[in-house]
Amino acid sequence: MTVQFFAAGPPPAADHRGRWRAAGAALLLGLRAAPGGYALLVTLAVAGGAAAPVAAWLSKVFIDRLAAGGTSTAAVLWPAIGAALCTTAIAVLSQAGMYVNALVRRRVTIAVQDRLARRLDELVGLRYFEDPGHHDRLRLAGQAADSAPHDVAAFALDTARQGAALTGFVAAMLGVWPPMALILVVTAVPAYLAQRRLVRQQVAVAEAVSPLQRLQFYYRSLMTEAQPAKELRIFGLGDFFRQRMVAALTRSTGTEQAVQRRATLLQSGLTLLNGLVSCVGVAVVVVQAVHGTLTVGDVSLFIAAVAALQGAFGTVIVQFGRVEEAALLLRHYHDFMAGPADLPDGAATAAPLRDRIELRDVWFRYGEDGPWVLRGVDLTIPAGGSLGLVGLNGAGKSTLAKLLCRLYDPTRGTITWDGVDLRDLRVADLRRRISAVFQDFTTYDLTAAENIGVGDLARLGDRAAVERAAAQAGVAAPIERLPHGYGTMISFDFFGASDEAGTMLSGGQLQRLAIARAILREDAGLLILDEPSSGLDPDAEDAVHRTLRQLRAGRSTLLVSHRLGAIRDADQIVVLDGGRIAEHGTHDELMSAGGAYARLFSLQAGRYQDERVASG
């Protein structure tokens with residue numbers, strides 16, 4: 001069964017309550033992260049908004065007294081100074097607001113990203129990490145989580161600021177020419193409707209271009225990261241991937257530009273409409289001033305009020321559009337945070353393995369429409385015993401290893417740990433009982449000691465244990481030759497603690513570093529070795545396998561390798577073919593049977609024999 005992790009497509013246009021709930025949830029995210037900061041921002045916003053009409057009114061008084069003449073200097077001077085002080089206060093409050101806003105935004109970003117990372121860590125399996133669509137939606141979730149709380153808070157703050165300013169300016173306008181207030185409200189309606197339509201288009205574009213942006217980032221990473229640099233230069237692929245990157249970027253920016261073009265035309269038309277309305281209003285009050293009905297100060301106050309009201313309406317409408325956009329995109333975040341788990345966690349404690357791990361009629365496929373990767377597999381790994389897996393690429397070997405780690409659940413059948421279904425065990429407990437070396441192992445941008453120590457976080461600071469694991473894996477000498485030994489950063493991308501550039505080990509040495517990481521987890525009851533020596537030279541491979549044979553003593557071990565010599569001493573060897581068990585037995589039994597295993601073993605062994613010796 002396919003689990004849909006995120007809602008597909010934009011929500012229904014009529015779901016206004018859902019959008020407001022999302023906006024409220026976004027605001028709550030911010031308030032929880034920085035309640036004091038938001039309270040201070042509201043205070044600064046209201047104070048700054050209230051100061052604007054006061055400054056305009058004082059300017060009117062100053063102009064009227066100055067124009068009337070015959071007034072004392074003090075009577076003219078104090079409103080002028082008051083207006084200047086109000087203007088200064090607005091600027092100071094604005095600067096303070098920007099500073100507090102930056103602090104609040106950083107706190108909100110940290111809090112929201114922390115919640116997002118915690119939720120990611122709660123995912124039990126790999127299904128969503130191996131789904132390209134998930135990566136697109138997760139990027140949108142992170143983007144919305146970063147911006148939505150700020151956009152909603154900015155709307156609330158601007159509404160408070162503009163509300164404080166509008167109270168004074170509306171009163172002033174009603175005293176000068178009341179019809180102007182109604183005209184401004186009427187002209188704001190088409191601006192609001194146009195903004196809403198534009199927001200829907202922007203959200204649709206953001207969702208549509210997400211795969212293209214991810215593709216562009218991928219091509220750019222190929223051109224900037226160290227690992228693919230060799231092949232790009234040897235095969236002359238730089239220009240090829242540059243063209244691919246530019247093509248993806250061109251398609252995504254072209255789609256975005258089309259919406260931006262419509263937005264520019266729309267905003268220009270609304271600006272022109274506002275300009276015409278302003279001209280009409282100013283013409284009316286100027287005519288009245290010429291006829292003596294209004295004063296020069298009244299004209300000044302009216303012009304300031306018109307500009308303030310138009311600016312307030314425009315700001316609130318734009319911010320409202322951002323809130324709606326944030327609410328539409330934030331569903332990705334909320335769907336992720338509240339969505340179903342990819343795999344349900346169990347409740348039972350995973351005790352040390354005493355008897356066996358058993359697979360009973362296990363079938364598996366990665367999607368409900370996909371091909372079967374495993375077909376009715378029955379296997380037993382006794383406690384302390386070893387099982388070797390052999391098969392061509394695509395036979396299901398690595399998939400079986402993933403199932404044992406409970407990175408996926410069987411589509412049919414069961415896997416038991418001492419008779420308890422893995423699905424009933426707490427995942428964290430189960431995985432503490434497992435150690436592994438995967439073919440696609442990871443080298444972390446950490447120090448050499450930390451790269452080993454993360455194999456058992458409880459022993460991360462136990463240098464003696466780390467060094468012992470490194471020695472067992474045969475990587476101690478290369479580490480000790482590094483500039484800072486175990487404290488050297490294994491990275492070309494980051495500096496170490498001493499602000500010195502990191503360094504890199506060879507491919508085989510990095511593989512042994514991964515083996516040391518697995519060795520450090522000494523109390524693991526199941527050891528999974530998926531091609532643990534694929535990158536090693538013959539001497540290193542022989543040394544590593546001697547170490548691994550010692551490490552396997554007393555543990556259940558799953559050995560997966562194309563190098564059949566590496567698994568010939570396993571207690572049981574299973575040959576997978578097309579997801580089914582084609583053969584099983586010891587090395588000697590399978591060689592005597594003369595089947596697929598014997599053929600593959602003889603084929604590999606023949607490559608190591610000198611043809612002249614073989615022919616003699």
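A few comments on the model shown:
- Looking across region 262-283 at every residue that is touching a residue at least 60 places away in the same chain (Cβ under 8 Å) and buried (at least 16 other Cβ atoms within 10 Å of the Cβ), the one that is farthest from the chain's Cα centre (by Cα) is identified as G281.
- Restricted to region 140-191, and to residues there that are aromatic (F, W, Y) and part of a helix (DSSP H, G or I), the residue that is surrounded by the fewest Cβ atoms within 10 Å (Cβ to Cβ) is F155.
- Residue-level analysis places R137 among those that are surrounded by 13 or more Cβ atoms within 10 Å (Cβ to Cβ) and under 14 Å from the mean Cα position of the chain (by Cα).
- The set of residues in region 288-303 being farther than 17 Å from R65 by Cβ and either crowded, with 18+ Cβ neighbours inside 10 Å or not assigned by TED's automatic domain parsing to the domain that holds G69 (or both) consists of F302 alone.
- Test: residue in region 462-480 that is without any contact (Cβ under 8 Å) to a residue 12 or more places away in the chain and within 25 Å of G578 (Cα to Cα): no
- Of all the listed residues (L526, L559, L600), the sole one being over 24 Å from R459 (Cα atoms), surrounded by 21 or more Cβ atoms within 10 Å (Cβ to Cβ), at pLDDT 75 or above and not small (G, A, S) is L559.
- Taking the numbered list (1) touching a helix residue (DSSP H, G or I) at 6+ places or on another chain (Cβ under 8 Å); (2) in a helix (DSSP H, G or I) in turn, G455 passes all entries but (2).
- Screening L576 with (1) assigned to a strand (DSSP E or B); (2) in contact with a strand residue (DSSP E or B) (Cβ under 6 Å, 6 or more places away or on another chain) gives one miss only, at (2).
- Cβ-Cβ contacts under 6 Å between residues 6 or more apart (or on different chains), taken from a first residue in region 423-440 that is assigned by TED's automatic domain parsing to the domain that holds K402 to a second residue that is among the polar types (S, T, N, Q), are listed as D429/T349.
- Pair list, Cβ < 9 Å and 6+ apart or interchain, from region 370-388 residues that are within 12 Å of A570 (Cβ to Cβ) and surrounded by 16 or more Cβ atoms within 10 Å (Cβ to Cβ) to residues that are at pLDDT 95 or above and aromatic (F, W, Y): none
- Qualifying residue in region 408-416 (condition: at pLDDT 90 or above, touching a Phe, Trp or Tyr at 6+ places or on another chain (Cβ under 8 Å), closer than 18 Å to I573 by Cα and of a type outside the set (V, I, T)): no
The values are calculated or read from the model by the stated rules, or taken from the named source; none is laboratory data. Keep in mind the model is a prediction, meaning the values are calculated, not measured. Note: ideal-geometry Cβ built from the backbone for every residue, glycine included; neighbour counts use all protein chains shown.
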